[in-house]
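Enquirer: Below is the structure I would like to discuss, written out as structure tokens.
The values are calculated or read from the model by the stated rules, or taken from the named source; none is laboratory data. Quantities reported herein were computed from a predicted structural model and do not represent experimental measurements. Cβ placement follows ideal geometry from the backbone for every residue including glycine, while neighbour counts extend to all protein chains displayed. For the accessible areas, the whole protein counts, side chains as well, though only heavy atoms, and no ligand, DNA or RNA atoms are used. Shrake-Rupley method; radii C 1.70, N 1.55, O 1.52, S 1.80 Å.
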Amino acid sequence: MATEIKLTRKDFMSDQTVRWCPGCGDYAILATVQKTLPRLGIPKEKFVFVSGIGCSSRFPYYMDTYGIHSIHGRAPTLATGIKLSNPDLSVWVITGDGDALSIGGNHILHAGRRNVDLNILLFNNRIYGLTKGQLSPTSPVGTKTKSSPYGSIERPLYPVEVALASGATFVARTIDVLQKEMGEIMYQAALHKGLAFIEIMQNCVIFNNGAWFDYSDRKKRADNDLFLEAGKPMVFGKNRDKGLVLDEEQGGFKVVEIGEEYSIEDITIHDPTSLENAFLLSQLDYPMPLGIIYQVTKPTYCEGMWGQIQQVKAQKGEGDLHDLYFNADTWEVTAEEEEIKAEVRGQVDASLDEAYIDELLGVEAPEADLAEQLASMTLHDLKPKAPITIRPDALMDHALHLMREHGIGALLVVSPDRHLMGIITEADILDRVAGKDIDLHQVTVQEFMTTEPVALPLYASVLEAVHFMTQRRFRHLPVVDENLHPVGVISSRDLAEFLIKHL
Amino acid sequence: MDLLAGLKQESVTEMDLSDYCTVDASASVRDVLTQMQVTHCRNALVLQEGKLVGIFTDRDVLMKVADNKDALDKPITDLMTPDPVTLSKAATAADALAVMARKHIRNVPIVEDDGSVVGNFTHFSVLDFLAEQFPDIPLDSYPVYPRRFSRRRHGG
């Protein structure tokens, strides 16, 4: 029987523990990438993620694809090499405002002007996060940081403007809180042939919390965000009563109210093929243009380079690297031994400034809303069912009997001292037992169980349980007390029905 | 936000209905098992000439197949649940949930008038929907708990 293997988000999740600060915008971007890739219909082994250095650059560890955590600022360069040597790959560059625009400023320009067929995701949080809060090249004038205690006097770079100037053929902007829109832009970027550049406005919850609140806050964003659609008038605002009109005197866009003086016909149409409009849009901050700002088709670097290689080979035949190296002025340098004495002065303190982070984390959240209410509900409120347990050395036959008798899909495997050792579910029976040549009277539960299952404590939030189940597609989650003794199991049914009842 | 109102308005077709695979009614139980194992599919919808005639899930495997080798060579139509409860595309998420709770089932296939399959509504459809309702606090903003460290090293 022919079977088509369909990829899901889970196929792109690695076994690494994701280590960003709780509340970091990076989590949403990671989730969106993992949700978007399966839509592309590209086999998993064709994806490569290349990053530089920074918080965002930890990304390749969390993707179950090929990837390189590379050299600071040089991710576009490595990616160019990867794409050039194997044009069949879908190559993604993950970088941040520091990595791409400070140390990597020159590399990003050349990727742009060459129009290499890459997808560059720039996580812009307007701060150096990994080094604990210094000025970045995108920090606005006046930003007070540890390295600019009296306020920044530097004009910031606008990533979209830089990308346009460098010659990128797809330039877009999105924001971490709008996962649906972000996913669509990533999808379009992946389909684009040529350099696709996406600026993602991302919140650094520790060192620059709220940098984008004007555009991400649910109350403010309707009035401040402009969602660009090709061929549609650039209208925005909660009541869609404001728009952009080209102001020929000032040489830029101006915001007008749609009503008496201006009608909807007067509002400028978004044309993503116009570089001029794209530049004007790149300088706006009210409203903030989100979506595909610029997109045109131009020959890519790989097409050009491979075309040239074919052409030269046809004219001159295969080359010889040895001849190339030794064909002209070459000579040998005799080594003169020189001893260098390295001296280490002082000790580098690598420990985190815990007190400082605690102080920052202690800042109260701006508003309590339904999502937070949801986050404050715990599994204790959900009253999980008592678990049906089994010993690891019990026979599988007994496990099957227990599941059938109780009509349940999961048993917790518990040691004699009541520690949770594993879980065995109907999915394990389907995958590892059914149809196989196994005598259920001869094998024990521990041979088939999933060891060290993810368990949640009773005081974990319901939101966390939702998070685990939707991400990992677990239908059962063990619940444990503080001694890691199992006290219950919650199923996807329990969770769905509880949430419907209580919200 | 009134979530219940949202679920009453949300058409099932707007939700994630991808938690299924399809098999042909002519297949044997063994064929279906192999497909489910290879694709990690938990819920197989059985089709005859493109129309839904039954459903076969991991629960059926647990109850009828796991310790019964004789079952493997039977046609899937012998072991599936025939004529499962379905809903049309006009149904809302709230309808689907009500059916699931009332009949105590985990899968509600969504079908066209001609019996062809649109998708499969499960509890994950609802959980995914709920997850999307809270974009301001991304659901993924929590480190893994318990904070177990991976046995493999990673750098950075």
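Enquirer: May I ask you to find the residues of the stretch B:89-132 that are shielded by at least 50 Å² of accessible area once the whole protein assembly is considered instead of their isolated chain (probe 1.4 Å)?
Expert: Buried by the other chains: B:R106, B:H123, B:F124, B:L127.
Enquirer: Considering only protein heavy atoms, what per residue accessible area in square angstrom results for chain A with a 1.4 angstrom probe?
Expert: In whole numbers, chain A has 51 Å² accessible per residue.
Enquirer: Scan around A:K385 for amide H atoms under 5 Å from its own, H built in the peptide plane at 1.01 Å from N, and keep only partners 5 or more places away or cross-chain.
Expert: Residues meeting the amide H criterion: A:V489.
Enquirer: Can you compute the FRET efficiency between A:N106 and B:K89 using 1/(1 + (r/R0)^6), with r the Cβ-Cβ distance and R0 = 51 Å? Round to the nearest 0.05.
Expert: E(calc), rounded to 0.05, equals 0.40.
Enquirer: Report the label-to-label distance for A:I68 and A:E265 in nanometres (one decimal), using points 7 Å from each Cα along the Cα→Cβ vector.
Expert: Distance between label points: 5.7 nm.
Enquirer: Something else: Give the shape of the stretch A:375-502 as rounded, prolate or oblate, defined through the alpha-carbon gyration tensor: a ≥ b ≥ c are the square roots of its eigenvalues, a/c under 1.5 means rounded, and otherwise the shape is prolate if a/b is larger than b/c and oblate if not. Provide the component values of the computation, followed by the final result.
Expert: Values: a/c = 2.28, a/b = 1.72, b/c = 1.33.
It is prolate, given that a/c is not under 1.5 and a/b is the larger ratio.
Enquirer: Need one value: the accessible area of A:K242 in square angstrom, 1.4 angstrom probe, rounded to the nearest 10.
Expert: Roll a 1.4 Å probe over it and A:K242 shows about 30 Å².
Enquirer: Okay, moving on. Gap in Å between the Cα centre of the stretch A:238-317 and the Cα centre of the stretch B:25-57?
Expert: 49
Enquirer: Let me see the P(r) profile for the protein assembly as shown: every Cα-Cα distance counted, bins of 20 Å, each bin given as a percent of all pairs.
Expert: In whole percents, the pair-distance histogram is 16, 44, 32, 9, 0.
Enquirer: Any idea what the dipole of the protein assembly as shown comes to, in debye rounded to 20, about its Cα centre with Lys/Arg Cβ at +1 and Asp/Glu Cβ at -1? Please report the intermediate quantities before stating the final value.
Expert: Working: 64 positive and 93 negative charges, 195 e Å.
That gives the protein assembly as shown a dipole magnitude of about 940 debye.
Enquirer: Moving on to the next point. To the nearest 10 Å², what's A:S376's accessible area with a 1.4 Å probe?
Expert: 80
Enquirer: Shifting gears a bit: Test of the criteria: in the stretch A:150-183, which GluC sites (Glu not before Pro) are in a DSSP loop and have at most 15 other Cβ atoms within 10 angstrom of their Cβ?
Expert: Answer in residue order: A:E154.
Enquirer: For the stretch A:98-138 and the stretch A:1-60, compute the distance between their C-alpha centroids and round to whole Å.
Expert: Result: 20 Å between the Cα centres.
Enquirer: A follow-up question, please. Using only the alpha-carbon atoms, how far is helix A:396-406 inclined from the longest principal axis of chain A? Give it as 0 to 90 degrees, nearest 10.
Expert: For helix A:396-406, the angle is close to 90 degrees.
Enquirer: Based on the Cα gyration tensor of the stretch B:3-132, what are the three equivalent ellipsoid semi-axes, each the root of five times an eigenvalue, rounded to whole Å and given largest first?
Expert: They are 28, 15, 12 Å, listed largest first.
Enquirer: Within 10 Å of each Cβ in A:27-35, how many Cβ atoms from other chains are there, averaged over the peptide?
Expert: Mean inter-chain Cβ contacts per residue within 10 Å come to 3.
Enquirer: I've got another one for you. Rounded to the nearest 100 Å², what is the sum over both chains of accessible area buried where A meets B, with a probe of 1.4 Å?
Expert: Counting protein atoms only, the buried area is about 6400 Å².
Enquirer: Now a separate question. Provide A:K193, A:K35 ordered by accessible surface of protein heavy atoms (probe 1.4 Å), highest first.
Expert: A:K193, A:K35
Enquirer: Let me ask you something else. Expressed as an acute angle from 0 to 90° and rounded to the nearest 10, what is the orientation of the C-alpha long axis of helix A:462-472 relative to the principal long axis of chain A?
Expert: For helix A:462-472, the angle is close to 80 degrees.
Enquirer: Averaged across A:397-404, how many Cβ atoms of other chains sit within 10 Å of each residue's Cβ atom?
Expert: What the average comes to for A:397-404 is 2.
Enquirer: Could I ask something else about it? May I ask you to evaluate 6.51 cos²θ - 1.76 cosθ + 1.60, the Karplus curve with θ = phi - 60°, for each residue of the stretch B:6-23 and list the ³J(HN,Hα) values in order in whole Hz, giving x for glycine and proline?
Expert: With coefficients 6.51, -1.76 and 1.60, one gets x, 5, 6, 8, 6, 5, 4, 5, 7, 9, 6, 10, 8, 7, 6, 9, 10, 9 Hz.
Enquirer: For B:I55, enumerate residues with amide H under 5 Å from its amide H, sequence gap 5+ or separate chain, H modeled in the peptide plane.
Expert: Sorted by chain and number, the residues that satisfy this are B:V46, B:T81.
Enquirer: List, in the order given, every pair from A:K10/A:K44; A:K10/A:K83; A:K383/A:K501; A:K144/A:K219; A:K6/A:K35; A:K385/A:K501 whose Cα-Cα distance in the structure shown is over 20 Å.
Expert: From A:K10/A:K44; A:K10/A:K83; A:K383/A:K501; A:K144/A:K219; A:K6/A:K35; A:K385/A:K501, over 20 Å: A:K10/A:K83; A:K144/A:K219.
Enquirer: If one takes the longest principal axis of the Cα atoms in chain A, at what angle in degrees, from 0 to 90 and to the nearest 10, does the Cα axis of helix A:492-502 lie?
Expert: The helix A:492-502 is inclined about 80 degrees to chain A.
Enquirer: Using helices alone, what [θ] at 222 nm do you get for the protein assembly as shown, with -39,500 (n - 2.57) per DSSP H run of 4 or more residues, divided over all residues and rounded to the nearest 500? If you can, show how the numbers build up before the last one.
Expert: Working: 22 runs with 192 residues, N = 659.
Calculated at 222 nm, the ellipticity per residue is -8000 deg cm²/dmol.
Enquirer: Which lysines have a Cα less than 18 Å from the Cα of A:K232, not counting those fewer than 8 places away in the same chain?
Expert: A:K242, A:K254
Enquirer: May I pose another question? So, R0 is 41 Å and r is the distance between the beta-carbons of A:R391 and B:K74; what FRET efficiency does that work out to, to 0.05?
Expert: Approximately 0.75, to the nearest 0.05.
Enquirer: Using a 1.4 Å probe over the heavy atoms of the protein chains, calculate the carbon and sulfur portion of the accessible area of the protein assembly as shown as a whole percent.
Expert: Its accessible area is 51 percent carbon and sulfur atoms.
Enquirer: When all protein chains stay in place, what accessible area (Å², nearest 10, 1.4 Å probe) is found for B:D60?
Expert: My reading of the accessible area for B:D60 is about 20 Å².
Enquirer: Given H placed 1.01 Å from N in the peptide plane, which residues other than close sequence neighbours of A:L130 have an amide H under 5 Å from its amide H?
Expert: A:C55
Enquirer: Please give, to one decimal in nm, the separation of the simple spin-label points placed at A:K219 and A:N86, each 7 Å out from Cα toward the Cβ.
Expert: Roughly 5.1 nm, to one decimal.
Enquirer: Work through the residues other than A:G167 whose Cβ is under 12 Å from its Cβ and net out their charges, Lys, Arg +1 and Asp, Glu -1.
Expert: Details: positive: A:R113, A:R114, A:K298; negative: none.
Value of the local net charge: +3.
Enquirer: Further question: Using a 1.4 angstrom probe on the protein heavy atoms only, line up A:E332, A:E184, B:E14, A:E426 by accessible area, largest first. Before the final figure, lay out each step's value.
Expert: On the way: A:E332 165, A:E184 75, B:E14 130, A:E426 5 Å².
Largest accessible area first, the list is A:E332, B:E14, A:E184, A:E426.
Enquirer: Quick one: order A:H72, A:H476 from most to least accessible surface, probe 1.4 Å.
Expert: Per-residue accessible area, sorted high to low, gives A:H72, A:H476.
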